[in-house]
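Have a look at the structure below before the remarks.
Taken together, the values in this text are just the output of simple stated rules run on the coordinates, not laboratory data. All of these numbers come straight from a predicted model, not from anything done at the bench. As a convention, Cβ positions derive from the backbone with ideal geometry for all residues, glycine included, and neighbour counts pool all protein chains shown.
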Amino acid sequence: MKEFLESLEIGEEKIKLSKEEVKFILAENGKVVKTETEKAKEDLTAEIETYKKNVADLQDEINKLPKSDEIETLQKKVKTMEEAEAERIANENKNKEDEILTTNIKSVFGEQKFVNDYTRNALINDIKNALNDPNNKGKSAKDLFEELTKDKDGIFVNPNSPQDMNGMNQNISTNVTKEVFDKMGYQDRLTLKQENPDLYQSFTK
C-alpha cells in the first residue's frame, strides 16, 4: 500500500502525495485495522464468558443431582455443548482471519481493474494458497501478486485491446465441459480464456 500511495498521481497535474501525507494515510489505515481487530477480540471474549457461564450452570446442576441416568444424560449434553462451542469458535476465528487476509490482498491490487469478478477471486485464492506454501516463506502478498500477474494477459482490463478477436477460439477444443472447467486451476482457466473466450464466458456467467 505504501508503494501505491507513493506512486499515486492526483488530478491532471499529476500531483503526488508528500511523505507526510503518505505516512498519515498509512497510520490512519493501521488504526482502522487495529480497531476492528480489538472489537473482534472483545466480541469473542464476551461470547467465551457466556459459554463458560452456561457450562458452569450445567455443572452446578450435575453436582446437585443424585447419581442416576439423568446425570449421564446431562453430562453428555455438556460435552456436546463444549464440542459445538469449540467448533464454532474455531470456524469463527478462521473466517475472521480469512476476511483480514482477503482485505490485505485486495489492498495490493491498487487501481487495477480485472476483466471480471471471477478472475479477481481466482487470483485472491491463488495468492492465499501461495502464502501457505513453505516455498514462499518471506514473500508478501504484493510479491506473489506481481509474480502471478507478470506478463500475463486476460487478467486486467486493457482499454486499448480490440473488442473482436476473430479466430482466437480455434486453438482449444470445444469439448471442454462445465465439469472439466470447474476442476481447472487458475492457469488452465486463463489459457482457456485466451484461446477460447466465448467458451470461457459461457462457463463464468
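Points to keep in mind about this one:
- Sites listed here are trypsin sites (Lys or Arg not before Pro) in region 52-103 whose DSSP assignment is loop and whose Cβ has at most 11 other Cβ atoms within 10 Å: LYS67.
- One decimal place: the segment LYS113-ASP69 gains 9.4 nm when fully extended, by the rule 0.36 nm per residue minus the C-alpha distance.
- Annotation: amide H of PHE114 within the under-5 Å range of VAL157, sequence separation 5 or more or interchain, hydrogens built in the peptide plane.
- Other residues whose C-beta falls under 14 angstrom from the C-beta of LYS106 contribute a net charge of -1, scoring Lys and Arg +1 and Asp and Glu -1.
- Residues THR50, THR204, ranked from the fewest to the most other C-beta atoms within 10 Å, line up as THR50, THR204.
- Burial ordering of TYR51, TYR200, fewest other beta-carbon atoms within 10 Å first: TYR51, TYR200
- Per-residue Cβ neighbour rank within 10 angstrom, fewest leading, THR191, THR73: THR73, THR191
- Region 111-157 shape via C-alpha gyration tensor axes, a/c threshold 1.5: prolate
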